[in-house]
């Protein structure tokens, strides 16, 4: 009988991952050095916008940030989601 190993896709109680939410516009970048631990499914849910408001307060409400986006990176620095600030 084969044994299945638990992992992020099979374990319903997977550990959170630390993601970083960097502000980006063209070649400009304001890094999020701290990041925040989240479960992967938060990145694809509407709750991700609450996270953006917590990490970068005022960015969603201010026209000063028009043209900027948030690059969400995983612990290896790979961009896993981009969120435009409108």
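Only the coordinates and a few stated rules stand behind these numbers; no lab work does. All figures in this text were calculated on a predicted structure; none of them were measured in a lab. Neighbour counts are summed over all protein chains in view; Cβ atoms, including those assigned to glycine, are modelled from backbone coordinates with ideal geometry.
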Contact order relative to length for the stretch 17-84, counting C-alpha pairs under 8 Å separated by 6 or more residues, stands in percent at 39 percent
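Gain in length, residue 39 to residue 18, computed as 0.36 nm per residue apart minus the alpha-carbon separation, to one decimal in nm?
Values: separation 21, 0.36 × 21 = 7.56 nm, distance 0.87 nm.
Gain on extension, residue 39 to residue 18, equals 6.7 nm.
I'd like the FRET efficiency for residue 81 and residue 61, computed as 1/(1 + (r/R0)^6) with the beta carbon distance as r and R0 of 35 Å, rounded to 0.05. Present the calculation step by step, with values, prior to reporting the outcome.
Details: r = 21 Å, r/R0 = 0.59.
Plugging the Cβ-Cβ distance into 1/(1 + (r/R0)^6) gives 0.95.
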Rounded to whole Å, √(5λ) for the Cα gyration tensor eigenvalues of the stretch 17-84, largest first, gives 18, 14, 10
